[in-house]
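Coordinate-derived values only; no laboratory data. Bear in mind that the values here come from a model prediction, so they are computed numbers and not experimental data. Glycine also receives a Cβ, built like all others from the backbone with ideal geometry; neighbour counts cover every protein chain displayed.
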Amino acid sequence: MILGIGSDIVQIPRIERLIEKFGHKFVARILSPQEMKVYDNKYCRAFVARRFAGKEAISKALGDGIGRPLKFTDITITNNKLGKPEVIINWTSDRAKIDMKIDVSLSDDYPIAIAFAVISSN
């Protein structure tokens with residue numbers, strides 16, 4: 001059963017401007033420590049934009065939005081060996097007790113990054 005859906009679209013140049021203005025501090029606000037390792041190896045600004053859109057889409061699907069109780073760094077989006085995005089959330093609420101599956105799709109075509117998330121019960 002679908003519990004929630006969310007989508008987000010972001011202009012990659014907007015993220016580029018924020019990185020230029022705030023540097024590593026901005027990136028560290030968006031990416032989890034695990035994602036930072038990938039970013040540090042690739043230094044791809046589209047990577048940050050895709051993760052930004054993905055986390056926004058996930059937060060919308062959860063119905064919380066980013067801020068309280070969920071922060072960008074509470075969500076980690078990794079890729080499996082085949083490249084499929086996988087979501088890990090550092091839960092700080094009772095939601096950890098709910099058995100749910102989170103699927104997310106990320107894409108970009110400069111100057112746009114887009115994400116779509118579906119949350120379903122296991």
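For residue 88 and residue 110, the FRET efficiency from 1/(1 + (r/R0)^6), where r spans their Cβ atoms and R0 equals 35 Å, is about 0.80.
Given charges of +1 on the Cβ of Lys and Arg and -1 on the Cβ of Asp and Glu, with all other atoms neutral, how large is the dipole of the chain about its Cα centre, in debye to the nearest 20?
Value, rounded to 20: 280 debye.
For the pair residue 2 and residue 17 in one chain, pulling the backbone fully straight at 0.36 nm per residue adds 1.8 nm over the alpha carbon distance.
Legend: distances between Cα atoms for 21/84; 25/55; 37/60; 42/81; pairs beyond 23 Å are 21/84; 37/60. Every helix of 4 or more DSSP H residues in the chain counts as -39500 (n - 2.57), and over all residues that averages to -11500 deg cm²/dmol at 222 nm.
Put a dot 7 Å past the Cα of residue 43, heading toward its Cβ, do the same for residue 28, and the two dots end up 1.8 nm apart. Normalised by 2.2 N^0.38 Å, where N is the number of residues, the alpha-carbon radius of gyration of the chain equals 1.01.
Selection among 70, 19, 82 by position relative to the dipole of the chain gives 19 as farthest towards the positive end (Cβ unit charges, Cα centre).
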